[in-house]
Amino acid sequence: MVNKEVNLLKGNNGANYTKEVKRALVNTDILNVRSGCGTAFPKLGSLTKGTEVFIYAQENGWSQISMESRWVKDQYLDFKE
């Protein structure tokens, strides 16, 4: 069984489509969540070890974990297959 989440999104023409997202678990005691993919972006909060996150995009070693532009460093995630 593949552990992937499918999100229902709405396209510009009003049509619905789906996009698979990856799942991962936080593997460090405290993981900072930032507003962009880099340490220069402001910290918005933090996650604790074992928290499950859904990956919507990846860029330069960072993962977007919400549609509201929240990012975490990939090295602190254990990706599920």
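Worth pointing out:
- Tally, over the range 38-65, of residues that are among the polar types (S, T, N, Q) and without any contact (Cβ under 8 Å) to a residue 12 or more places away in the chain: 1
- The range 30-81 holds strands (runs of 3 or more DSSP E) entirely within its bounds, and those carrying 1 or more residues that are β-branched (Val, Ile, Thr) and more than 20 Å from GLU20 (Cβ to Cβ) map to 30-34, 43-48.
- Remark: GLU52 falls outside the filter, which requires a residue to be at pLDDT below 90, touching a strand residue (DSSP E or B) at 6+ places or on another chain (Cβ under 8 Å), charged (D, E, K, R) and surrounded by 10 or more Cβ atoms within 10 Å (Cβ to Cβ).
- Flag if ALA15 is out of contact with any His (no Cβ under 9 Å at 6 or more places or on another chain), over 16 Å from ASP78 (Cα atoms), among the hydrophobic types (A, V, I, L, M, F, W, C) and at pLDDT 95 or above: no
- Single residue of the range 66-78 satisfying the filter (at pLDDT below 95 and not acidic (Asp, Glu)) that is surrounded by the most Cβ atoms within 10 Å (Cβ to Cβ): SER69
The values are calculated or read from the model by the stated rules, or taken from the named source; none is laboratory data. All of these numbers come straight from a predicted model, not from anything done at the bench. Reconstructed Cβ throughout: ideal geometry from the backbone, glycine too, with neighbour counts over all protein chains shown.
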